[in-house]
Amino acid sequence: MILHLSDLHFGTEKPECLVAIQRLCAEQQPEAVVVSGDLTQRARFHQFYQCRKFLDSLNVPCLIVPGNHDIPLYNVWSRLFEPFSRYHLLFGQTEKVLETQNFYMIGVNTIRRRHHTKGALSLSQIHEIDFKLQQAPIDKLKIIVAHQPFYVTDHHKRAIKDCPRMAKIALETWTKHGLFALLHGHLHQSAVYDLNQVFQLGLGQPIYDVHAGTATSYRLHKGQPNGLNIIHANGRMDEYLFNEASQNFELNQNLLK
């Protein structure tokens with residue numbers, strides 16, 4: 001199983017959620033932790049540093065990608081010329097691969113210095129990920145991790161523009177090689193959609209677009225509780241929500257129902 005966190009927004013983090021995630025990791029012992037962007041609130045060094053310390057404390061391999069909050073907003077020079085310098089310093093490259101016993105996970109950076117919230121993909125990224133998928137073991141769940149979701153409903157009209165440019169072209173390429181799911185954040189709300197149906201890809205199986213809520217931040221979507229996802233080796237996906245009374249993340253529902 002893997003633990004899917006997103007939108008940590010260090011700088012606005014809730015200490016009780018951090019402790020609860022540490023406790024959940026110790027109990028569940030996931031194969032890996034996936035963080036789909038927005039590690040920080042304002043891409044400041046101390047926010048990245050606190051996030052790094054927290055993730056290290058979980059003692060679990062991590063696959064991490066940046067979000068739109070992880071490049072400077074007000075420092076125009078840094079945003080234009082070295083937008084990922086602080087991210088690189090503490091987390092390394094923005095696109096990595098992590099293979100575990102049951103999963104093969106690929107990180108993709110959809111953040112662009114010229115956009116505030118909108119995601120983008122390049123043809124080179126699409127081809128590189130396609131090559132990686134072709135090299136992946138056939139007996140493992142293949143997952144791509146990006147910050148912005150590839151699909152949102154009309155309920156999130158303002159966020160439709162944030163879906164990565166060239167998303168459908170990417171999917172038409174990637175789904176030829178057994179892609180299971182894409183993991184995202186950005187909207188601070190959990191959901192699962194079948195991209196095979198949404199984009200009419202004509203496949204014989206679903207391709208899941210999995211959204212996670214904000215795991216640790218006070219920046220909640222319409223008062224919803226903090227949340228995270230757990231994805232099991234058999235493909236089941238569970239949502240866990242933070243219970244203020246018990247101070248724990250507790251199973252809420254199977255996301256595929």
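Every read-out reported here was derived from the displayed coordinates using simple, explicitly stated rules and does not represent laboratory data. Keep in mind that what you see is a predicted model, and the values were worked out from it rather than measured. Virtual Cβ from ideal backbone geometry, glycine too; neighbours counted across all protein chains shown.
Numerical summary
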{"quantity": "Local electrostatic count at PHE249 - Lys and Arg +1, Asp and Glu -1, tallied over other residues with Cβ under 13 Å", "calculated": "-4"}
{"quantity": "Taking TYR104, TYR218, TYR74 and counting other C-beta atoms within 10 Å, the order from fewest to most", "calculated": "TYR74, TYR218, TYR104"}
{"quantity": "Of the DSSP H helices in the chain, those whose Cα atoms cover at least 27 Å axially and whose Kyte score averages 1.6 or more", "calculated": "none"}
{"quantity": "Cβ-based exposure ranking for ASP7, ASP139, ASP162, in which fewest neighbours within 10 Å come first", "calculated": "ASP139, ASP162, ASP7"}
{"quantity": "Convex hull per residue volume in Å³, alpha carbons only, for segment 119-257", "calculated": "120"}
{"quantity": "Residues of type lysines that LYS53 reaches as a straight line, Cα spacing below 24 Å, ignoring anything fewer than 8 places off in the same chain", "calculated": "LYS14, LYS96"}
{"quantity": "Most positive-pole-ward Cα, SER217, ILE207, MET237, against dipole of segment 180-247 from beta carbon charges", "calculated": "SER217"}
{"quantity": "Scaled radius of gyration (Cα, divided by 2.2 N^0.38 Å) that segment 24-126 gives", "calculated": "1.12"}
{"quantity": "Segment 113-213, relative contact order [Cα under 8 Å, separation at least 6], %", "calculated": "29"}
{"quantity": "Equivalent ellipsoid semi-axes - Cα gyration tensor, segment 2-254, angstrom", "calculated": "25, 22, 18"}
{"quantity": "Fewest-first ranking of SER6, SER36, SER78, SER57, using other Cβ atoms within 10 Å as the exposure measure", "calculated": "SER57, SER78, SER36, SER6"}
{"quantity": "Those aspartates and glutamates that a straight Cα-Cα span of less than 13 Å connects to LYS142, excepting residues fewer than 8 apart in one chain", "calculated": "GLU99, ASP130, ASP209"}
